[in-house]
Structures are given as structure tokens and as C-alpha cells.
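Engineer: Please find one structure pasted underneath; my questions will follow.
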């Protein structure tokens, strides 16, 4: 790892720790620089602002989620179970996202709405992309009807999950507990949803 990347990751790690410990609003770039034993100017070399550090943290979380979702495609032999996993896994992964992302997201909503919307759209596009890929596998195997509108079905599945999982809309600090509580109920809905999608 080169020194530039190493320093950038150090700043990110300390910032995330401080956001969690003291809150985003009470954490300054001076605090982060002091903890990292660097000058404040060094932070500006890597990030334009405290907000940009947060967005970098959010990007890392998105990349981790995408990598974990990709692992599901290693085993598609039992297609029905595979499709259920593709639909359920994004919800389960919400519990793995650092709570600081949800806390800071609420703080920045009024001042950085456009940037947050871009990140949220990427989150949705990532999930929908996995749905579409999984559905196309089913179509290729004649398990799902050939005339299925893949785009429409993918978006519909996402909307069904969103309508049940209000935790995503609330983005609260207790989201991990909230998701864990509702997952069993969503799993039942997904079981019926998948049976309706598959050709019998």
C-alpha cells in the first residue's frame, strides 16, 4: 500500500471513529488532524471538507455491500433458494452498515440533499442490478417466463421490500435492531413472492 493511500485511510478511519464517538457535528478537522498526528492542511490534500470524508465512508460501505452481494452468485444450482437470497441479502446487509452512515446522513439531509440522493440512487441501482442479473439467470434456465419484464420486476421487488422495511426510510441509530426484528416477516413475504415469480 502506498503512503498516500495509507494516509487517506488513516484519516477516514479516525474520522469514522470520532463521528461515532462524539457525533458528526462535534467533530472538527482539527480533532481528526490532532489524532492522526498530521497538520490540518494534510487533510485538505486528501479531502476538500469534512463532508467529503463522510461521503468517502459511505462509498466504502457501498463497495463492501456490493462485494458481499456478488458472493451469492457463486452458487445458483438451487435457483429458488438463490433468488430468495438475492432478494433478502440486501436487507440483512443493512445491519452490517456502520450506524455512523445513517446518523450523519440525517444530519446532512438539509444541506447536501443532492449528493445524498446520488448515493441512495447508487445503492438502489446496485441492488436492482443484482435482481436483474438473478432474474435473467432464471429466464435463461426456463425457470422464469421468457416474456418477463426484467426491469419492471426488479423495481417492483425493490418497492415491495421498501414498503415493508421502513427502517431504511428512518435511517435511525437503532436500524440494526429494527432490521433484525422485521427480517423473519420479510422472509415469509419473499417466500411467497418467489413462488409467484417462478414458472410452475
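Engineer: With the radius of gyration and the Kirkwood radius both derived from the Cα set of the chain, what is their ratio Rg to Rh?
Structural biologist: Using Cα coordinates only, the ratio equals 1.05.
Engineer: Relative to the first principal axis of the alpha-carbon coordinates of the chain, what is the inclination of helix 3-22, with its axis defined by its Cα atoms, in degrees from 0 to 90 and to the nearest 10?
Structural biologist: 90
Engineer: Also, I was wondering about something else. Between residue 198 and residue 52, take the C-beta separation as r, use R0 = 30 Å, and let me know the FRET efficiency to the nearest 0.05.
Structural biologist: 0.10
Engineer: Using only helices, what value at 222 nm comes out for the chain when you add -39,500 (n - 2.57) per DSSP H run of length 4 or more and divide by the total residues, to the nearest 500 deg cm²/dmol?
Structural biologist: Calculated mean residue ellipticity at 222 nm is -25000 deg cm²/dmol.
Engineer: Still on this model: Modelling each spin label as a point 7 Å along the Cα-to-Cβ direction, I'd like the residue 149/residue 124 distance in nm, to one decimal.
Structural biologist: 1.7
Engineer: Moving on to the next point. Using alpha-carbon pairs under 8 Å, 6+ residues apart, how would you state the relative contact order of the chain in percent?
Structural biologist: 23
Engineer: Assuming 1.002 mPa s and 20 °C, estimate D for region 1-98 with Stokes-Einstein, Rh taken as the Kirkwood radius over Cα pairs, in µm²/s.
Structural biologist: Roughly 138 µm²/s, to the nearest whole number.
Engineer: How far is helix 50-71 tilted off the main Cα axis of the chain, in degrees rounded to 10, range 0 to 90?
Structural biologist: Relative to the chain, helix 50-71 is tipped by roughly 30 degrees.
Engineer: Provide the gained length on full extension for the span residue 76 to residue 4, in nm with one decimal, where the gain is 0.36 nm per separating residue minus the Cα-Cα distance.
Structural biologist: Full extension from residue 76 to residue 4 adds 21.9 nm.
Engineer: Quick one: Kirkwood hydrodynamic radius for region 1-47, alpha-carbon pairs, angstrom, one decimal?
Structural biologist: Answer for region 1-47: a Kirkwood hydrodynamic radius of 10.7 Å.
Engineer: How many angstrom lie between the C-alpha centres of region 103-148 and region 3-76?
Structural biologist: That distance is 23 Å.
Engineer: Now for a different question. Along the Cα→Cβ direction, 7 angstrom out, place labels at residue 114 and residue 21. What is the inter-label distance in nm?
Structural biologist: Between residue 114 and residue 21, the simple spin-label model gives 3.5 nm.
All of the numbers you see were taken from the coordinates with simple rules; none came from a lab. Bear in mind the structure is a predicted one, so any value in this text is a computation, not a measurement. Glycine also receives a Cβ, built like all others from the backbone with ideal geometry; neighbour counts cover every protein chain displayed.
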